[in-house]
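Peer 1: Handing you this structure, nothing more for now.
Each value in this text was obtained by applying a stated rule to the coordinates, not by laboratory testing. Keep in mind the model is a prediction, meaning the values are calculated, not measured. Neighbour counts are summed over all protein chains in view; Cβ atoms, including those assigned to glycine, are modelled from backbone coordinates with ideal geometry.
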Amino acid sequence: MSRSSLKKRGGKMHQFIIIDPDLCTGCETCESVCSFVHDGEFNPINTRIHRVRIEPVFNIALACQKCEDAPCIRSCPEKALTKNEETGSIIVDDDKCNGCAFCIRACDFGVINLHIDSQKALICDLCEGMKEDFIDPEVGKTEPQCIAVCPKEAISLKNVEQIGEETRMDAVKRLFGDVSEFGSK
Amino acid sequence: MSKAKEITLPDNVKGYSQVRLDVDLTSGKIAKSTLSGEFCRDWIGGYGFGAKILWDELKPGVDPLSPENVFVWAIGPFPTTILPTSSKYGVFAKSPLTGMFGMAISSGSVGAQARRAGINAIVIKGKASEPVYMVVDDDDYYIEPCEKTLWGKGNFETEELLREEFQDQRLAVMSIGQAGERLSKLACITNDRNRQAGRTGMGAVMGSKNLKAIAFRGTKGLKVAYPAEFYKLAKKLIKVANGPATAKYRDLGTPSGITSYNKLGMFPTMNYREGTWEEIDNGAFTGDTLNEDWVVKKVACSQCSIACDHLARVPKTHPEYPNLVASIDVEMCYSFGSNTGCKDWPTIFKCVSLCDDLGIDAISGGVTASMACELYEVGLITKKDLGYELPFGSTTNLARFTEEMILGKGFVGEIFGDGCRQAGIRLEELGRKNAGYYGMHIKGLEMPAFDLHGMNSFAVGESVSIRGACHLRNGAYGLDAKGNFDRFGYDKPLERGKAIIKLEDIYAIIDSYVICKFTRGIYENDAEMAKVYELVTGIPHTEESINKRGAAILNLSKCFNIREGWTRADDHPPEKFFKDAHTKGPAKGVVLKEEGFQKLLSGYYEARGWDTKTGIPTDETLKSLGLDFVIGKLKPAGGK
């Protein structure tokens, strides 16, 4: 992942994991890996990214949208959730979290759950908290493992501007067709 | 135990949960016990567990549809890890279709959910007094009556109802449809809508026990023996699994084979009258057209990096099947397509969907329909029998036939509702002479998508298959298709036998691990396949020792067949391959020669260390594989 993808622009960081439903096959590998790199065991019930399959054909996964004014943070009676201003990730303070699940009720995307053993809130941290043993020596630092492992490269980390830009490009292509020779006589 | 004995067990075996459940449906009692580390090491999982448990616990000669049959469900050490295609399970019992070793393997979410519930094997005996389903919800195991809720329902609805009941869309459900309830010998088990444990009538065994479904879910994690090393290797395998080794399964899916097999004259057409089809030659019926015109989505089983499940959708404007979605692979393109002469894709999708939902094996179903088409053409069944016409190339009537066959309705249900072999017997009893000749099966199991005209190595490979006609016991079609041997010749019987065995032993391990044969090519070699087992379980199997265990598992299931009355004559392709040749294509004019076939078959037996006359393993061979416990117990009990 290049440095530019993690750069704050205008002092704000609003980037998150997005999944392309055209590419997602619903294989759940992201969920398994998420639990594994954080806990050292495969248990997708403790995932921070969630596959959704609507039968018969639709597949996607969802993870924390890192809302600017996050309802989960506002709803937490224990003040256990804080926003990391550098990365935009919402960080759970396990010492404060009492498993009341208000954050789960507040989240509009259903991407928070409680760890089945510890009953502490689980929110995507872009793998900042992954175990060091599993860091790829060639990369040398933590990075979202769901992206690294997704067999179909359906998962990416994007900021809001990138998403808008890509959508605009697609819209223009739809509206104007092939514009590579626009204006030529 | 031979080579395996030299493999030292670690203090703690990982991967395996080692939990076995014994379910007595007659009394309703469920007991829990531990599978020993030695048992796991020696029998690996899936197929190996099934073979050992059935040998030890199934009384020889029982009626497969009686309470005395034993139904084994088993996984290996891998489900819920990220090893590609690891979420697989196998079911094993005496087959009502073949009367011999029955086995079927499926994927989806069942293996992974069951492992998270902490289950390794379930052994089901007896018969419930009323329709029931079983629940494995972590450590909570129970039987629930379902006569009023699920019985009579199709597989799709059964799964939906149970997921609603549990308020859990991730609940894994394996169930039988109406066909399994009525004990059709073709009955399959369906899970996750599109995944089937299809072959050898395992759904009928569930039905005979009044067992409609098993639902699984769990919350337990799985720790592997060497986490960092395993993660590294698994990541590599996931990458390779999206490289050239599996491209055909991912891109066009297995239907890419339609064109290549057609070129070789081995894509069965019109019930094996031909091995080539003009509709394939002209590009109308190919993997390309299927994908471009019909496939809308590729979907994966849990923790599978390939995603071979190609979902085809009929447009909402279609007059008969608007919005129908079906899961399609090459076998269905053959069984309900070329082999019935049907080139109408929506009809094929409809037939496949009926099979998956109402619950029969779509290979056996299509091949039985193909038999009916040919019987209609030669006048052995008529419009008067059926109430409609059924020539090769039928569409609406093919779907109608399929539904009647599955549900056991009318003449079609009575005659064809239990597959080709029974249809032949029943028609001949009605005086329709030689009707059985048109049933394309080996040992009672309908044939998969490979012609045997001029496929001499595979003629042996498919004939010796433990579960009856099958391309997945050794995949020996590759030996002919790739030109390893003269496909039209009968030379090198011992070498051919050895080549088949080399495939067959490692296939037995793949079915025991249980992983998918599509990933055979992602491992650098068998040593890497042994390595991944060690990294997960901590049991240091080697290339040599896993292959030896593969041979032991294969031999044990063979011994099961012998005990049930198998003889050399059972390892034989249908007569049609010896009498009727193709009229065109690469195998034009070619028939199998009995003498040559028998020579190759003896070569296989010799390579296996089996008596070359009888095909029965010698005591020496059994001892070398650690199967001493079998010696002296091979007297046929009958009931085949």
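Peer 1: Give the separation of the Cα centroids, region B:172-196 to region B:477-526, in Å.
Peer 2: Taking the Cα centre of region B:477-526 as reference, the centre of region B:172-196 is 30 Å away.
Peer 1: Counting other beta carbons within 10 Å of each Cβ, put B:M371, B:M455 in order, fewest first.
Peer 2: Numbers: B:M371 31, B:M455 28.
Ascending number of Cβ neighbours within 10 Å: B:M455, B:M371.
Peer 1: Which translational diffusion coefficient, to the nearest whole µm²/s, is obtained for region B:125-275 from the Stokes-Einstein equation, given a Kirkwood hydrodynamic radius over C-alpha pairs, 25 °C and 0.890 mPa s? Mind showing how you got there, number by number?
Peer 2: Numbers: Rh = 18.6 Å.
Rounded, D is 132 µm²/s.
Peer 1: Something else about it: Looking at region B:493-553, which GluC sites (Glu not before Pro) are DSSP coil and have at most 14 other C-beta atoms within 10 Å of their C-beta? List each step's numbers first, then the result.
Peer 2: Values: sites: B:E495, B:E504, B:E524, B:E528, B:E534, B:E543, B:E544; in loops: B:E524.
Here the sparse-neighbourhood loop sites are B:E524.
Peer 1: Using +1 on the beta carbon of Lys and Arg, -1 on that of Asp and Glu, and nothing else charged, what's the dipole of region B:248-446 about the Cα centre, debye to 20? Show your work: numbers first, answer last.
Peer 2: On the way: 19 positive and 27 negative charges, 27 e Å.
That gives region B:248-446 a dipole magnitude of about 140 debye.
Peer 1: How large is log10 I(q)/I(0) at q = 0.06, 0.08, 0.09, 0.10 Å⁻¹ when the Debye formula is applied to the Cα atoms of chain B, each weighted equally and without solvent?
Peer 2: -0.28, -0.52, -0.67, -0.85
Peer 1: What Kirkwood Rh does region B:456-630 have if only Cα atoms enter the pairwise 1/r average? Answer in Å.
Peer 2: Working: mean 1/r = 0.0586 Å⁻¹.
Across region B:456-630, the inverse of the average 1/r is 17.1 Å.
Peer 1: Can you list the DSSP H helices in chain B whose Cα atoms extend at least 20 Å along the helix axis and whose mean Kyte-Doolittle hydropathy is -1.0 or higher?
Peer 2: Numbers: long enough: B:362-377 (22 Å, 0.68); B:493-513 (30 Å, 0.10); B:543-563 (30 Å, -0.30); B:594-608 (21 Å, -0.96).
Membrane-span-like by this rule: B:362-377, B:493-513, B:543-563, B:594-608.
Peer 1: Moving to a separate point now. Only residues of region B:152-178 count here: report those whose backbone N is under 15 Å from the spot 7 Å along Cα→Cβ of B:E130, or say none.
Peer 2: Only B:152 pass the distance filter.
Peer 1: I'd like the per residue volume of the convex hull spanned by the Cα atoms of the protein assembly as shown, given in cubic angstrom.
Peer 2: Hull volume over Cα atoms, normalised by residue count, gives 180 Å³.
Peer 1: Can you pull the one-decimal nm distance between simple spin-label points at A:D136 and B:K32, each 7 Å off the Cα toward Cβ?
Peer 2: Calculated label separation equals 4.0 nm.
Peer 1: Give the distance, in whole Å, between the Cα centre of region A:46-90 and the Cα centre of region B:128-169.
Peer 2: Going from one Cα centre to the other spans 33 Å.
Peer 1: Longer than 21 Å from Cα to Cα, which of B:K52/B:K498; B:K185/B:K212; B:K350/B:K443 are they? Say none if no pair is.
Peer 2: In this structure, B:K52/B:K498; B:K350/B:K443 lie more than 21 Å apart at Cα.
Peer 1: In nanometres, what is the gap between the two model label sites at B:K633 and B:T567, each 7 Å from Cα along Cα-to-Cβ?
Peer 2: Taking the simple label geometry, B:K633 and B:T567 are separated by 2.5 nm.
Peer 1: What is the Å³ per residue value for the convex hull set by the Cα atoms of region B:281-334?
Peer 2: Taking the convex hull of the Cα positions in region B:281-334, it is 103 Å³ per residue.
Peer 1: Pop out the ³J(HN,Hα) list for region B:322-327 in order, Karplus 6.51 cos²θ - 1.76 cosθ + 1.60 with θ = phi - 60°, rounded to Hz; leave Gly and Pro as x.
Peer 2: Values, residue by residue: x, 6, 4, 10, 9, 8 Hz.
Peer 1: Please work out the FRET efficiency for the pair B:N484 and B:I143, using the Cβ-Cβ distance as r and a Förster radius of 41 Å; give the result to the nearest 0.05.
Peer 2: On the way: r = 50 Å, r/R0 = 1.23.
FRET efficiency, B:N484 to B:I143: 0.20.
Peer 1: On to the next question. Per 5 Å bin, what percent of the C-alpha pairs of region B:431-524 does each bin hold, from zero upward?
Peer 2: Binned Cα distances yield the sequence 3, 13, 22, 21, 19, 11, 6, 3, 2, 1, 0, 0.
Peer 1: Of B:V70, B:S95, B:L25, which is farthest towards the positive pole of region B:2-217's charge dipole, taken about the Cα centre with +1 and -1 on the beta-carbons of Lys, Arg and Asp, Glu respectively?
Peer 2: Most positive-ward Cα: B:S95.
Peer 1: On to the next question. Considering amide H positions built from the backbone, and no H for Pro or chain starts, which residues 5 or more places from A:C27, or on another chain, come under 5 Å of its amide H?
Peer 2: B:A300
Peer 1: Now for a separate question. For region B:2-217, state what percent of all Cα-Cα pairs lands in each successive 5 Å bin, counting from 0 Å until the bin that includes the largest distance.
Peer 2: Here the calculated profile for region B:2-217 is 1, 8, 16, 21, 22, 17, 9, 4, 2, 1, 0.
Peer 1: Can you list residues whose amide H is under 5 Å from B:D611's amide H, if they're 5+ apart or on another chain and H is modeled 1.01 Å from N?
Peer 2: B:I616, B:T618
Peer 1: Just to check I understand the Karplus step: with θ = phi - 60° and J = 6.51 cos²θ - 1.76 cosθ + 1.60, what whole-Hz values come out for region B:123-138, glycine and proline as x?
Peer 2: 10, 10, 10, x, 8, 6, 6, 8, x, 9, 10, 10, 10, 10, 10, 6
Peer 1: Among the trypsin sites (Lys or Arg not before Pro) in region B:447-526, which ones are in a DSSP loop with at most 10 other Cβ atoms within 10 Å of the Cβ? Mind listing them? Walk me through the numbers before you get to the answer.
Peer 2: On the way: sites: B:R467, B:R473, B:K482, B:R487, B:R496, B:K498, B:K502, B:K517, B:R520; in loops: B:R467, B:R473, B:K482, B:R487.
When the trypsin sites (Lys or Arg not before Pro) of region B:447-526 are filtered for loop state and at most 10 Cβ neighbours within 10 Å, B:K482 remain.
Peer 1: Calculated FRET efficiency, A:E78 and B:K236, Cβ-Cβ r, R0 56 Å, to nearest 0.05? Mind showing how you got there, number by number?
Peer 2: Details: r = 42 Å, r/R0 = 0.76.
With R0 = 56 Å, the Cβ-Cβ based efficiency is 0.85.
Peer 1: Can I ask one more? Name the trypsin sites (Lys or Arg not before Pro) in region B:134-233 that are in a loop by DSSP and that have at most 12 other C-beta atoms within 10 Å, would you?
Peer 2: B:K148
Peer 1: If the rule is a partner Cβ under 4.7 Å, which cysteines in chain A fail it?
Peer 2: A:C24, A:C27, A:C34, A:C67, A:C76, A:C97, A:C100, A:C107, A:C127, A:C150
Peer 1: Once each part is reduced to its C-alpha centroid, what is the distance from region B:559-598 to region B:9-34 in angstrom?
Peer 2: Cα centres, region B:559-598 to region B:9-34: 42 Å.
Peer 1: Please check: in the Gaussian network model of chain A (C-alpha springs, under 10 Å), which one of A:D108, A:D94, A:D136 has the largest mean-square fluctuation.
Peer 2: A:D136
Peer 1: Based on the Kirkwood radius over alpha-carbon pairs, what is the Stokes-Einstein translational diffusion coefficient of region B:232-349 at 10 °C with 1.306 mPa s viscosity, in µm²/s?
Peer 2: Values: Rh = 15.1 Å.
The diffusion coefficient I find is 105 µm²/s.
Peer 1: Sticking with this one: Select from A:L23, A:L126, A:L157 the residue whose mean-square fluctuation is largest in a Gaussian network model of chain A (Cα-Cα springs shorter than 10 Å).
Peer 2: A:L23
Peer 1: If you plug each phi of region B:514-523 into the Karplus form 6.51 cos²θ - 1.76 cosθ + 1.60 with θ = phi - 60°, what whole-Hz ³J(HN,Hα) values come out, in order, with x for Gly and Pro?
Peer 2: 7, 10, 8, 5, 5, 9, 3, x, 8, 8
Peer 1: Taking every pair of alpha-carbon atoms in region B:248-446, give the share separated by more than 27 Å as a whole percent.
Peer 2: Everything past 27 Å amounts to 27 percent.
Peer 1: Provide the gained length on full extension for the span B:E594 to B:K316, in nm with one decimal, where the gain is 0.36 nm per separating residue minus the Cα-Cα distance. Walk me through the intermediate numbers first.
Peer 2: Values: separation 278, 0.36 × 278 = 100.08 nm, distance 5.16 nm.
Answer, rounded to one decimal: 94.9 nm.
Peer 1: For a Förster distance of 25 Å, can you work out the FRET efficiency between the beta-carbons of B:K383 and B:K433, rounded to the nearest 0.05?
Peer 2: Numbers: r = 20 Å, r/R0 = 0.78.
The pair B:K383/B:K433 has a calculated efficiency of 0.80.
Peer 1: Averaging over all projection directions, find the projected area of the Cα convex hull of region A:13-176 and quote it in nm² with one decimal place.
Peer 2: Numbers: hull surface 44.3 nm².
Result: a mean projected hull area of 11.1 nm².
Peer 1: On to the next question. Using the basic label-point model (7 angstrom from Cα toward the beta carbon), what is the A:S180 to B:D281 distance in nanometres?
Peer 2: In this crude label model, A:S180 to B:D281 measures out at 3.9 nm.
Peer 1: Sort B:H318, B:H572, B:H541 so the one with the fewest other Cβ atoms within 10 Å of its own Cβ comes first.
Peer 2: On the way: B:H318 13, B:H572 19, B:H541 22.
The most exposed by this proxy come first: B:H318, B:H572, B:H541.
Peer 1: Sorting B:K297, B:K579, A:K185 on the 10 Å Cβ count, fewest up front, what's the list?
Peer 2: Numbers: B:K297 20, B:K579 10, A:K185 3.
The order, fewest Cβ neighbours first, is A:K185, B:K579, B:K297.
Peer 1: On to the next question. Using only atoms on other chains, find how many Cβ atoms lie within 10 Å of each Cβ of peptide B:80-90 and report the average. Please list the in-between numbers first.
Peer 2: Details: counts 7, 4, 11, 1, 3, 1, 2, 3, 0, 0, 0.
Per residue, the average neighbour count from other chains is 3.
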